């Protein structure tokens, strides 16, 4: 089973779809999950201090996740 990986520890391959978990809201308690890909950009942000933020694309908007994990394998094809 896959486990969540912190963006502070490791980033996914650039432009490979992954599942991301993003804490949002003024209290950082709202959890949003998206399928997204890392576009290779690091964005400095005061909330992340020395780590900066890593920008991912969901296809319609940017997201700034805290954790990611690989997507499960493709489903089996019908026989």
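The values are calculated or read from the model by the stated rules, or taken from the named source; none is laboratory data. These figures come from a predicted structure and were not determined experimentally. Note that we place each Cβ from the backbone using ideal geometry, even for glycine, and neighbour counts take in every protein chain shown.
Within the range 33-44, the set of residues being at pLDDT below 80 and in a strand (DSSP E or B) comprises 40, 41, 42, 43.
Taking into account only those residues within the range 5-28 that are touching a strand residue (DSSP E or B) at 6+ places or on another chain (Cβ under 8 Å) and more than 21 Å from residue 74 (Cβ to Cβ), which is surrounded by the most Cβ atoms within 10 Å (Cβ to Cβ)? Reasoning before the result, please.
Start the filter on the range 5-28 by keeping residues that are touching a strand residue (DSSP E or B) at 6+ places or on another chain (Cβ under 8 Å), which leaves 5-7, 11-24.
Now restrict to residues that are more than 21 Å from residue 74 (Cβ to Cβ): 6-7, 11, 21-24.
Values: 6: 13, 7: 22, 11: 16, 21: 17, 22: 19, 23: 14, 24: 14.
If we take residues in the range 5-28 being touching a strand residue (DSSP E or B) at 6+ places or on another chain (Cβ under 8 Å) and more than 21 Å from residue 74 (Cβ to Cβ), then 7 is surrounded by the most Cβ atoms within 10 Å (Cβ to Cβ).
Within the range 58-79, the set of residues being at pLDDT 80 or above and in contact with a strand residue (DSSP E or B) (Cβ under 7 Å, 6 or more places away or on another chain) comprises 65, 66, 67, 68, 69, 70, 71. Residues of the range 7-32 that are outside any strand (DSSP E or B), out of contact with any helix residue (DSSP H, G or I) (no Cβ under 9 Å at 6 or more places or on another chain) and either at pLDDT 85 or above or under 16 Å from residue 71 (Cβ atoms) (or both): 9, 10, 11, 12, 13, 15, 16. Taking the listed residues 47, 2, the one that is in a loop (DSSP other than H, G, I, E, B), in contact with a strand residue (DSSP E or B) (Cβ under 9 Å, 6 or more places away or on another chain) and modelled with pLDDT under 80 is 2, with no other qualifying.
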